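Remarks on the structure that follows.
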Amino acid sequence: MPEVQRKSKITASRKLLLKSLMLAKAKECWEQEHEEREAEKARYLAERIPTLQTRGLSLSALQDLCRDLHAKVEVVDEERYDIEAKCLHNTREIKDLKLKVLDLRGKFKRPPLRRVRVSADAMLRALLGSKHKVSMDLRANLKSVKKEDTEKERPVEVGDWRKNVEAMSGMEGRKKMFDAAKSPTSQ
């Protein structure tokens with residue numbers, strides 16, 4: 001049965017219009033988020049970093065200011081180093097936990113597999129891909145065995161059955177049957 005392709009309820013031009021409207025709205029939201037981030041960053045920096053007044057300071061005052069700034073930079077570097085060490089520790093721990101999860105996931109009881117009848121050709125096609133045209137006709141490789149016709153080897157005597165019955169009756173008939181049974185093995 002051929003697949004019936006459903007017609008869309010929305011026309012192509014309407015779809016294009018909706019797509020362009022969605023993209024415009026997404027761009028507007030992204031720009032708004034970007035502006036909010038920049039404003040937050042400026043507010044944070046204004047809070048943390050006071051403006052420097054270097055005009056009219058003597059040489060000794062400038063040197064003291066430099067020492068203070070250098071001490072603050074050292075403190076910030078120590079904090080940054082500590083945060084990096086924590087981050088590395090956490091990433092290692094996450095990696096180890098992921099490996100444990102994979103190990104645990106691998107130790108489940110496998111369901112019993114169902115037997116599927118697949119021909120040798122289909123199995124080769126699945127293994128080698130559809131590019132290779134390999135035919136494996138196993139029946140063609142079998143030897144043909146001919147049944148021996150025992151009836152053809154023995155000539156059938158067609159005669160009057162009444163004579164045969166009379167000849168086999170009595171002691172002489174039994175002797176003939178005994179002799180006939182003995183004769184093929186002795187030859």
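The values are calculated or read from the model by the stated rules, or taken from the named source; none is laboratory data. Every value quoted in this text rests on a predicted model; they were computed, and no experiment measured them. So basically every Cβ, Gly included, is an ideal-geometry build from the backbone, and we count neighbours across all protein chains shown. Surface accessibility is based on the protein's heavy atoms, side chains included, excluding ligands, DNA and RNA. Shrake-Rupley method; radii C 1.70, N 1.55, O 1.52, S 1.80 Å.
Rolling a 1.4 Å probe over the protein chains gives residue 81 an accessible area of about 150 Å². The accessible surface of segment 58-105, taken with every protein chain in place and a 1.4 Å probe, is 63 percent carbon and sulfur. Per residue, the accessible area of segment 34-116 comes to 106 Å², computed with a 1.4 Å probe over protein heavy atoms only. The accessible area of residue 62, taken with all protein chains in place and a 1.4 Å probe, comes to roughly 60 Å².
Once the Cβ-Cβ distance of residue 80 and residue 22 is raised to the sixth power relative to R0 = 45 Å, the FRET efficiency obtained is 0.65.
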